[in-house]
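Okay, structure first, notes after.
The values are calculated or read from the model by the stated rules, or taken from the named source; none is laboratory data. Only a predicted model underlies this, so the values are computations on that prediction, with no experimental measurement involved. Virtual Cβ from ideal backbone geometry, glycine too; neighbours counted across all protein chains shown. Note: accessible area is taken over every heavy atom of the protein model, side chains too, but ligands, DNA and RNA are not part of it. Shrake-Rupley method; radii C 1.70, N 1.55, O 1.52, S 1.80 Å.
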Amino acid sequence: MIAAGTSLLSLSPEEQREYTLTDFESQMPRWCPGCGDSSVLVSMQRLLANEGMAPDQTVFVSGIGCSGRFPHYLNTYGFHGLHGRALPVATGVKLHRPDLNVFVVMGDGDCMSIGAGHWVHATRYNTDMVALLLDNNVYGLTKNQTSPTTPQGHPTLTQPGGSYLPPLNPVSATLGISNASFVAQTAEWLPPHLYATLQAASRHKGFSFVRIMQRCPKFVDNIFSNYIEHPELIELIEHEDGVTVPALERTHKVRRQHDPSDLDAARSLAEDEEVLRLGIFYRDADRPTYETTRALPQHSAQEKLELLSEELDRHAI
Ligand code: SF4
C-alpha cells in the first residue's frame, strides 16, 4: 500500500505500478455454484488491486474447510495449512516479515472450534493482519455437520434432531477478548458493504477480525434468506470514519450511528441479536501491535561486542 503523502517520484517502477483484477486471479474456483465464498474472493481481488498490494508482498493463510481453498485462487503467496492452525502460521509469517500484507481465511469450525485457542490469543496479541471468518453456520467440507455457529434446532448430519446448543456469537465473543482492536461484521450478499468492510479492516494497524456471513446453498440453503428478503431486519452501523455504503441507501434504510471507540456500546450492540448488525463494532487504532511490543532493541555489531564484553566482565573474578 502506498502511504498517503508519498511522492510518486520516490517510488520504484514496481511500486508505481497499477494493479488490476487479473493480477490476482489464479485457478478457477471449485466451490459449489452460488457459494458465498466466490463473492468474498472477488471483493478481495478488487481490494488488493485498488489498494495496490503487490502479489509478491501479500500472503493468504488458511486452515481446513471450504474456505481453506482461498489461497489457491489468488495469485499471491499462500499457505493452506492444518485445521484450526491458520492464525499461528500467519502470526509467524508477520513477525518474521512485518513488511508483508498478511490475511487469514477461516471457516466457523476452523476458527471457533478446533482453532478457538488460537483465535483468542491472536486477538490478544494484536499482530497486524486481517482475519476473515467465513461463517456459513455449518461444516460444509465434511458435508453438513453442526458447527459452533449453527442455529439451535437446525438439523444437521451430526445432530439430525436439531443442533442442541445455542450458537456462539463470534462478534460478542471477540469483543470479550482482552486487547481486541478491530471487530466488524458484514455479509457476502451485500458486495458494497463487504468491500468497504474489508477495506477498513486492511487499513487498520492491528488484528482486524471480520465475521462474514456466508451462504452455503449446498447444505444450509435459505439460512440467511430472511435477511436477504427483508433488508429491514439488517441494521447498518455507521460512523463518519467507519463503513458508509451509499450504494445501499435505497435498500437498507435501517441505520445506527455508533462510536466504534466505545467498547461497552459495541458489546451491547453485538449481544442484542434482535436485528443483524453490520459494520464496525469496535476499533482502537492506538493499541500497540505485537510486533511493536515484542521488538528487540537493534544494535550495531560494535554495540553488540561492547554489550558482550560488559556481560563477560560481570563474571570475571
Ligand atoms: Fe460453498 Fe457450501 Fe459448497 Fe462448501 S459446501 S463450497 S461452503 S456451497
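Within segment 299-310, residues that are surrounded by 11 or more Cβ atoms within 10 Å (Cβ to Cβ) reach partners that are not in a helix (DSSP H, G or I) with beta carbons closer than 9 Å, at six or more positions or on different chains, in the pairs 306/299; 307/299.
Of everything in segment 15-38 that is under 19 Å from the mean Cα position of the chain (by Cα) and within 11 Å of the ligand (Cβ to nearest atom), the residue that is farthest from residue 196 (Cα to Cα) is 35.
Table: residues versus (1) farther than 28 Å from residue 121 by Cβ; (2) open to solvent by 30 Å² or more (accessible area, probe 1.4 Å); (3) in a helix (DSSP H, G or I).
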residue: 38; (1), (2), (3): yes, yes, yes
residue: 42; (1), (2), (3): yes, yes, yes
residue: 47; (1), (2), (3): no, no, yes
residue: 53; (1), (2), (3): no, no, no
residue: 60; (1), (2), (3): no, no, no
residue: 68; (1), (2), (3): no, no, yes
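Taking residue 246, is it open to solvent by 30 Å² or more (accessible area, probe 1.4 Å) and closer than 20 Å to residue 34 by Cβ? When the stated conditions are applied, residue 246 does not pass them.
Look at residue 254 and say whether it is among the hydrophobic types (A, V, I, L, M, F, W, C) and exposed (fewer than 14 other Cβ atoms within 10 Å of the Cβ). Give the steps one after another, and end with the answer.
Details: among the hydrophobic types (A, V, I, L, M, F, W, C): yes; exposed (fewer than 14 other Cβ atoms within 10 Å of the Cβ): yes.
So residue 254 fits the description; yes.
A residue that is acidic (Asp, Glu) and more than 20 Å from the chain's Cα centre (by Cα) can be found somewhere in segment 254-261.
Please report, ordered by residue number, the helices (runs of 4 or more DSSP H) entirely within segment 80-177 with at least 1 residues that are open to solvent by 10 Å² or more (accessible area, probe 1.4 Å) and closer than 30 Å to residue 52 by Cα. Even if it seems obvious, please write down each step before you answer.
Details: elements: 86-96, 116-125, 170-175.
Hits in segment 80-177: 86-96, 116-125.
Between 235, 229, 188, the distinction of being in contact with a Gly (Cβ under 8 Å, 6 or more places away or on another chain) and either of a type in the set (Asp, Glu) or within 16 Å of the ligand (Cβ to nearest atom) (or both) belongs to 188 only. For segment 191-204, filtered to residues that are open to solvent by 40 Å² or more (accessible area, probe 1.4 Å) and closer than 23 Å to residue 175 by Cβ, the residue that is nearest to the ligand (Cβ to nearest atom) is 199.
Selection of first residues in segment 126-139 that are closer than 16 Å to residue 174 by Cα and of second residues that are of a type in the set (D, E, K, R) and part of a strand (DSSP E or B), restricted to Cβ pairs under 9 Å at least 6 apart or on distinct chains, gives the following pairs, ordered by first then second residue: 132/211; 133/211; 134/211; 135/211. Restricting the first member to segment 31-53 and to residues that are within 18 Å of residue 211 (Cα to Cα) and touching a residue at least 40 places away in the same chain (Cβ under 8 Å), and the second to residues that are open to solvent by 10 Å² or more (accessible area, probe 1.4 Å) and in a loop (DSSP other than H, G, I, E, B), the beta-carbon pairs closer than 6 Å and six or more apart or on different chains are 36/215; 37/31. Restricting segment 205-218 to residues that are open to solvent by 10 Å² or more (accessible area, probe 1.4 Å) and either out of contact with any Gly (no Cβ under 9 Å at 6 or more places or on another chain) or more than 16 Å from the ligand (Cβ to nearest atom) (or both), the residue that is farthest from residue 137 (Cα to Cα) is 205. Exactly one residue out of 221, 272, 241 is out of contact with any helix residue (DSSP H, G or I) (no Cβ under 8 Å at 6 or more places or on another chain), under 24 Å from residue 68 (Cβ atoms) and surrounded by fewer than 15 Cβ atoms within 10 Å (Cβ to Cβ), and it is 221.
Conditions (1) of a type outside the set (A, V, I, L, M, F, W, C); (2) closer than 25 Å to residue 120 by Cα, marked per residue:
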position	(1), (2)
188	yes, yes
192	yes, no
201	no, yes
209	no, yes
218	yes, no
230	yes, no
259	yes, yes
272	yes, yes
275	no, no
